[in-house]
1. Tell me, what ³J(HN,Hα) does each residue in the stretch 387-392 have, in order and in whole Hz, if you take phi through Karplus 6.51 cos²θ - 1.76 cosθ + 1.60 with θ = phi - 60° and put x for Gly and Pro?
2. Can you return the lysines within cross-link range of LYS252? Criterion is Cα-Cα under 27 Å, with same-chain partners fewer than 8 residues away left out.
3. Of the cross-linked pairs LYS418/LYS461; LYS169/LYS258; LYS109/LYS258, which ones have a Cα-Cα span greater than 30 Å in the structure shown?
4. List the residues, sorted by chain then number, that are 5 or more residues from GLU116 or on another chain and whose placed amide H is less than 5 Å from its amide H.
5. In terms of modelled amide H atoms, which long-range or inter-chain residues lie less than 5 Å from the amide H of SER104?
6. List every residue whose amide H lies under 5 Å from the amide H of PHE499, counting only residues 5 or more places away in sequence or on a different chain, with H placed 1.01 Å from N in the peptide plane.
7. Note down the magnitude of the dipole of the stretch 454-552 about its Cα centre, charges +1 on Lys and Arg C-beta and -1 on Asp and Glu C-beta and zero elsewhere, to the nearest 20 debye.
8. Given a 1.4 Å probe and every protein chain left where it sits, what share in percent of the accessible area of the stretch 661-745 is carbon and sulfur?
Amino acid sequence: MASPQPVRPSFSRNNSSQQVNGAHDRKPSLSSFPPQSRSVSQMSHHGPAHRSRSPQPPPAEPDRNSNLSSKGKTASTGTGFSSQHSSLQYNSNAIGRPRRKLRSQYPRKSTENHVEYILVASFDIDRGPVMEHQYPVAITGDEHMLAELMLPDQAHARNQDWTIFFLHKDSSREEDEAERQAKEERRRRRKRRLDREQGIIHESDDEDDDLDDDDDWDDDETTDEDEPEGGEGPPLVYVLNLVNTKHDKTVKRGAVVKAMAICTRHPFLHIYKPLLLLALEEYFKSPVPETLSMLFDAVNEMDLSLMPKLSLLERHLLQMSNNKDLFVEKFEQMIQMRISEDRDGLADQPFDASRSPPRRPGIFRHGTKAQLEGHASYAVPRDTHEFESRVLYKGIPIPIKVPTAIMPETVGDFSLIKLIQNFSEPHAKQPHPFPLHSHLTTNGPNTHPIIVLVNGLLTQKRVIFLGHNMPSGEVAEAVLAACALASGGILRGFTRHAFPYTDLTKVDDLLRVPGFIAGVTNPTFEHHPEWWDILCDLPSGRIKISSRIEQPAITEGLVYFQQQNPTCASLVHQSHSSSAADLTGDQAFMADMLKSIATRAGERVIRAKWRDWVLKFTRIAAAFEESVYGASALYIGSDEHDNYPHTTNSTGHGYVWADDEKKSKELAGNVTRIEGWRNTRSYYSFIQDVAQIYTIRPLKGLDLHHMHDRLRTQRLTAMQSRDIYLTFAKYVRSYDEICLLLSVAPEAHAGLFYIALGLFHKDREVRVKTAELLDRIAQHEAGQHWWRGLSRFEKLAYDRIKKEVQMTEAQAGMGGLTITPGSNEDPMRRISREG
């Protein structure tokens, strides 16, 4: 482990057995294909097959509750879907799975620890908060300051409390140089391997050199889909802290107060809570470094090597879906790769005739009877949103659930539902009008408090969450929830300047940070409105705008917009002076949000809705910049007509409105909020993220979101919709391209409904090409779940079109029918007419 570097706090500016077959063993059931069709494996060995004479719709979803064996049955994760379509020949593996080699998020070869430090602090009656132990080495820096953060105000008044805070740990020059050299070595090995595959042998090549040793660490162009960093510096160190108070009449003040903290780079630090509870209880009994060593070793031996590494698009799909089986194939494939590695390891051992051959490991779902009884060597998660592991502490297996897909600004375990309800219920019972502020009250004085909060975060206002007489852990959760609320998993710059818990002694450091988000328990903050712009009082559920806040200056963008849209100039002022007109749509959005919460939609649904809101805001901001300034830094595109010929009527980009009047009104309602956001950290970080994502994004010149929104919101002519459907069918082919299409058509927003409407288009070519596109989507690892969400009516239309194509091909094969491409005549009628 590298020597620790100076750490500074974030005050810086800057139930039956169910066996799962291996992913690579899956084959479509041959009984579902006509004799003329070839299976996937046949096509891969014998080249492209002739046109299938009997295209079939995908069969029903296999029953995951059955006990599947490998004797000719469809595996639980297969689609059982034909690999060919009548007029399109392709390799189904290129569509169903990505070209990238599947890798682990946390490989077994990794030398990085899950937990870097363990700290213990206590309260001394004479010296105040003191640091007792730091393991494995001491953190250089202000130990007294760390001890104060670990022992919050009024900690002695509660038996137990949790706090969270962040540290900025700078990497040393030696660490940076070592990382650079490691990357260069990986690139060198990759180039040598590619050259060797092409038959080029270098003199420096060693015949015994295994170029596949570092496969888990390759960073070639097919795996460079890491989350954008936004240029914000090294990752934060997240600190989860537990404070316990033991009442003891034999000591001064009648109580012993101790705190134990875990320092990790993982944002899912909440998984360590049960371990901290056990370890701190053990430390009270045995306050020695060996107690910390036992905890340190236990958490760092946690095995997460079977957790697959998902691409950015795959993480988005998983986050927006409630399907517990989404990407389960990747977990199965990781297990199959591990079994293969273990088998190869056994093959290298000397032969022992007295030893019985090893039994093939079983693979079951977590929670099944076989897995609970210990018959399974490996288990696939019950819900692919979480990877299930365990930590063995003092002989006790502690179950751990790690989030599979982590999005930006998501730290710890918090509840958006709890945050929204806390400030919505008092407002619904008795609204308190807000003083007008152009950045904050975008719907006038009766703007919803949550919208005021989000506007403040987006425009980089100073926000304080006050929880007087509340546990500091609840205050910290509110701060983390607010960061995730404004981010939506899209924007950055919030958690790096957040202080989930701080106190009055650090107010000077706090005020030096522009746009901070802080959690406090001391009521003194409420009486100093010059310290904050927005105060969120958690006990009362009220949000206050500071009486000392300054009104923003008139910007050039606002002036230009009013000059270019004189009819909307009055709407800009109206939106901030009256709550009668909901130009932004925020009131309707909050009404829908509260309705979803009332119907118990769930935390994942609420987070997806907020992600949609933030995404919509960024797209409207890009449209505003293009309208006012002529171009936007939030959109990177190319000349679509050069890269994608014959797409003149289907190209375009950006947010889509039903008509120009609605566009002008919504831009007028958002103009001040957008202008306030354009000078913030999150805005500039988003520009960097857009540029980085563009380099790895498929279909760089086509905005699939724009095209799908046109189908969804506008009244298109038959020719306009035809061009969009044919563009989808022509260019959406590969695994990543289908992922991109699914990301703009989430299951919560009707899924493939608007795409499947192409099955009813009056142009026969559109109907056939749409059916081909649905073929490819149904073979996709994620797309198969979207396909199952189609209605029976749409599936019947799909089946009818496939049968029509089958019949016309049969007639064409007999030489009795001439097919005219693009003909709109019903094939059944033509067959009967031509005899």
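The values are calculated or read from the model by the stated rules, or taken from the named source; none is laboratory data. As the structure is a prediction and not an experimental result, all values here were calculated from the model. Neighbour counts run over all protein chains shown; Cβ positions are idealised from the backbone, glycine included. Ligands, DNA and RNA are stripped out before the accessible areas are found, and what is left, the full protein with its side chains, is counted by its heavy atoms. Shrake-Rupley method; radii C 1.70, N 1.55, O 1.52, S 1.80 Å.
1. After applying 6.51 cos²θ - 1.76 cosθ + 1.60, I find 9, 9, 9, 8, 10, 8 Hz.
2. LYS285
3. Numbers: LYS418/LYS461 22 Å; LYS169/LYS258 25 Å; LYS109/LYS258 36 Å.
Those over the limit are LYS109/LYS258.
4. HN-HN under 5 Å from GLU116: CYS263, THR264, ARG265.
5. Those lying under 5 Å, H to H, from SER104 are LYS309.
6. When sequence neighbours closer than 5 places are left aside, the close amide H contacts are ILE517, ALA518, GLY519.
7. Rounded to the nearest 20 debye, it is 280 debye.
8. Numbers: 1540 of 3100 Å².
With neighbouring chains kept in place, the figure for the stretch 661-745 is 50 percent.
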